Amino acid sequence: MHAFIRLVARDVRLTLREGGAVSTALGFYLVVVAILPLGLGPDLNLLSRIAPGVLWVALLLAALLSVERIFHNDLEDGTLEVIALGPLPLELVAAAKALAHWISIGLPLVIAAPILALLLNLPANAFWILLLTMVTGTPAISFLGSVGAALTLGLRRGGLLLALLVLPLYVPVLVFGISAMNAVITGPASFLSSYLILCALTLATVVLAPIAAAAALRLSLA
Amino acid sequence: MRLGVQDLTCVRGGRTVFENLSFEVKKGSGLQLTGANGVGKSSLLRILAGFLPPAAGRITLEGADDETPIGEFCHYVGHLNGVKRAFTVRENLLFWSEYCGGGDIDPALETFNLLDLSDIPAGLLSAGQARRLGLARLQVIERPLWLLDEPSVSLDEASRNILASAIRNHTRNGGLAIAATHLPLGVKFAHTLELGAEAH
Amino acid sequence: MNALLDLGQHAGFIWAAYGATVIVLAGLITWIRADARHQLRLLEELEAQGVQRRSARAGSPKANKQRARRS
Amino acid sequence: MADTPGFFGRLANPTFFLKLSGAVLPWLTGLTVILMLVGLYLVFFFAPPDYQQGETVKIMFIHAPSAWLAMMGYSIVTIASIGSLIWRHPMADVAAKAALPIGACFTLLALITGSLWGKPMWGTYWVWDARLTSVLILFFLYLGLMALWQAIEEPSRAGRAAAILAIVGSVNLPIIKFSVDWWHTLHQPASLTRLDAPAIHPSILIPLLVMMVAFTALFFVLHLTAMRTEVLRRRVQALRLTQVDAARAGEGARA
């Protein structure tokens, strides 16, 4: 367990020290959220109705943008090979790196979400639910993204392919995240049922995704 | 600790790189791999490290329990140094020591004369210095089997001697070393294995 | 043949659907057959040049046993 | 791989597969053509118009088989991927790769015929109906798999990477289906009729079944042909490699 925490801490420190990854993801998130009203028109009630959807989809795309670098940098400078020979099995290495991505990039995006929600006139009672659903949903995004990153490791234009592979898998997280939010904002359905399914999705992804990611890593290490 | 390899066959990209390869490396001895490029030296080292699954054959490491994969008993030094450019020299080695459960890092910094560079980000190091930092982890983490693929590349004369003495100490204390190299390492290896030697 | 004529006012959509199906399936079938013929031709060309497959050659007596030479 | 003497074991040998498929294909093709003709005859001359939709029900006779083959195609890819990853069955990659373009085409057909069926019924070409949306996402999974196959040059690595993705996709597919149904009921305006097959009266059921079998037979004809081509493609690749090796050995000898 010690080695696991050590690896997560190292990755988080690395991302923060390089800083670039976090700011690009946040910048992209801001731009996408800011551009949509320009496209859809400044009508505030329209914006407040589509705010959850816009915030979630933009978050997915921002996370997707940064997911590729989970393994890529370590493969490039040879550290991945040394880590693979370390005490941790490859599955835990994949889990550690995905967790580090969630901490270093997923969380900042979630913290930025309420601020961007102001741009979209999100109803006041929805701010806490926005944070809650996003904190619960973003681990699944990082872990599923790590599977895509491992599969497209070492490919020339892997980024685009990564998006095509992983976005369909994000649909359940997106659907239940937003339905939980709408349950609070407009309210026909009960909030708890959607939110609990979202938690189940995240837990299942956190457990199963590293297995697929490790299998894919073995391919690119061979 | 004795490494035994029986009838190893390696297939890469649909092509048989080598077939029915058998050899052994006894405790405290070294093996040098020679042969033309593309004859499978790197592939053999990657199979021993556990990165590349062999098409056929068996690898046994006596004196080690069977569950833990061989990978955890060996160091693999490839063409890449395994060094994080954003971290300083000390931070790089410190991570390896904490992650793989190694010892103190100062003796390693000293042997690979990186002490005065220890607080400089690895990104600013020269190729030779970065290579020495990559090799320093061999001393930080105690592993019986060293797999070295062209270790002396981009090393100057002095650094090559440092590497040679490190290998000599390692084999003297009962370690095993397998090195694939064209340039002389300054180490007299007990055995040599010529790959791709069968008549075409 | 009269059944073909009175397909109701939505006849256009029915024919569009069947037309699309015929086009897509015809495209798929021709692509698969063309690919098959192309690979067959490549294979025959290579075999005409006398390039032997390894499994054909593996039967040769000189099994290349790799001996580790100790110097 | 343990040379299990069972059917799948012998199927592992490509030459046996080529011999077997060579024998089966002509009969299967003949059967497909007959079934297609009978099916079309039944659809156009025998099946009555639906009391509610009128003649547009005829689109169902090609929409339902396409949607079914879209799902069946993906299950074949998943089973083949499991065969490739766990049992390392050499023909598994071939089966998975061959099934992909065919499955994708039938998914595309299901989408096209579905939207053409939707226009007369609801006045719009695309209605976010739960099943059509799931088929759309299935289409993305197919595209992802095919793109992954093309992105990796080395066939054995491409096969295994695509196998992993196919299995991840197949685990996610029911969850996606569930989430889309959930999403659909959430935004379901009460008046929208579901895209259900109308009451299954025998006069509609028989043509539908015949068309289903005809389409499935067509799928397997195409799949077997595509697999044979894939085997030939790998032989061509192997021959070219031996050519390169022979040339290199030649250069080595002269140098």
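Only the coordinates and a few stated rules stand behind these numbers; no lab work does. Keep in mind that what you see is a predicted model, and the values were worked out from it rather than measured. Glycine gets a Cβ as well: all are built from the backbone with ideal geometry, and neighbour counts include every protein chain shown.
The figures follow:
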{"read-out": "At R0 = 35 Å, FRET efficiency that the Cβ-Cβ distance of D:Trp122 and A:Val207 yields, to 0.05", "value": "0.25"}
{"read-out": "Set of lysines with alpha-carbon distance to D:Lys58 below 28 Å, sequence-local pairs under 8 removed", "value": "D:Lys119, D:Lys177"}
{"read-out": "Gyration tensor verdict on the range A:35-165 (Cα atoms; rounded if a/c is under 1.5, prolate if a/b is larger than b/c, oblate otherwise)", "value": "prolate"}
{"read-out": "Cα gyration tensor shape of chain B, rounded if a/c is under 1.5, else prolate or oblate by comparing a/b with b/c", "value": "prolate"}
{"read-out": "For A:153-166, mean number of other protein chain Cβ atoms within 10 Å", "value": "3"}
{"read-out": "Chain A: relative contact order as a whole-number percent, Cα under 8 Å and 6+ apart", "value": "26 percent"}
{"read-out": "Shielding of A:80-90 by partner chains, average beta-carbon count, 10 Å", "value": "6"}
{"read-out": "Two-site label geometry, B:Leu124 and A:Ala222: point separation in nm, points 7 Å out along Cα→Cβ", "value": "4.3 nm"}
{"read-out": "Residue-count net charge about B:Phe87 - beta-carbon cut-off 12 Å; Lys, Arg +1, Asp, Glu -1", "value": "+1"}
{"read-out": "Helix A:191-221 vs. chain A, principal-axis angle (Cα, 0 to 90°, nearest 10)", "value": "30 degrees"}
{"read-out": "Coordinate range along principal axes, alpha carbons of the range A:2-221, Å, largest first", "value": "55, 34, 29"}
{"read-out": "Total formal charge among the other residues, if their Cβ is under 13 angstrom from that of A:Ile105, Lys/Arg +1 and Asp/Glu -1", "value": "-1"}
{"read-out": "Structure-based [θ]222 nm, chain D - -39500 (n - 2.57) summed over DSSP H runs of at least 4, per residue, nearest 500", "value": "-28000 deg cm²/dmol"}
{"read-out": "Modelled FRET efficiency - R0 25 Å, D:Ile79 with D:Ala249, Cβ distances, 0.05 increments", "value": "0.05"}
{"read-out": "Compactness relative to 2.2 N^0.38 Å, alpha carbon Rg of the protein assembly as shown", "value": "1.12"}
{"read-out": "Rounded Å value of the spacing that divides the Cα centres of the range D:113-158 and the range A:39-116", "value": "26 Å"}
{"read-out": "Set of aspartates and glutamates with alpha-carbon distance to D:Lys19 below 17 Å, sequence-local pairs under 8 removed", "value": "D:Glu230"}
{"read-out": "Acute angle (nearest 10 degrees) that the helix A:20-40 long axis makes with the longest principal axis of chain A, alpha-carbon atoms", "value": "30 degrees"}
{"read-out": "Pairwise FRET efficiency - B:Asn173 versus B:Val153, Cβ, R0 = 30 Å, nearest 0.05", "value": "0.70"}
{"read-out": "Set of lysines near B:Lys41 by C-alpha distance (under 28 Å), chain-local residues within fewer than 8 positions excluded", "value": "B:Lys26, B:Lys27, B:Lys84, B:Lys188, C:Lys62, C:Lys65"}
{"read-out": "Per-residue mean of C-beta atoms belonging to partner chains within 10 Å, peptide C:35-41", "value": "5"}
{"read-out": "Nearest-ten-degree value, helix A:44-67 long axis tilted from longest Cα axis of chain A", "value": "0 degrees"}
{"read-out": "Interchain or long-range residues, amide H under 5 Å from B:Thr9's placed H", "value": "B:Asn20, B:Leu21, B:Ala55, B:Ala56, B:Gly57"}
{"read-out": "Listed peptides C:26-35, D:71-80, B:112-121, D:176-185 by packing density, highest first (mean Cβ within 10 Å)", "value": "D:71-80, D:176-185, B:112-121, C:26-35"}
{"read-out": "Cβ-defined net charge surrounding B:Ala56, 11 Å radius [Lys, Arg +1; Asp, Glu -1]", "value": "-1"}
{"read-out": "Spherically averaged projected area in nm², based on the convex hull that wraps the Cα atoms of the range A:169-222", "value": "3.9 nm²"}
{"read-out": "Shape metrics for the range D:74-220, restricted to C-alpha atoms - Rg then Dmax, Å", "value": "17.7, 53"}
{"read-out": "Three-way shape call for the range B:1-90 based on the alpha-carbon gyration tensor, with the a/c threshold at 1.5", "value": "oblate"}
{"read-out": "Orientation-averaged projected area, Cα convex hull of chain D (nm²)", "value": "17.7 nm²"}
{"read-out": "Mean residue ellipticity (222 nm) of chain A, computed from DSSP H runs ≥ 4 via -39,500 (n - 2.57), nearest 500", "value": "-28500 deg cm²/dmol"}
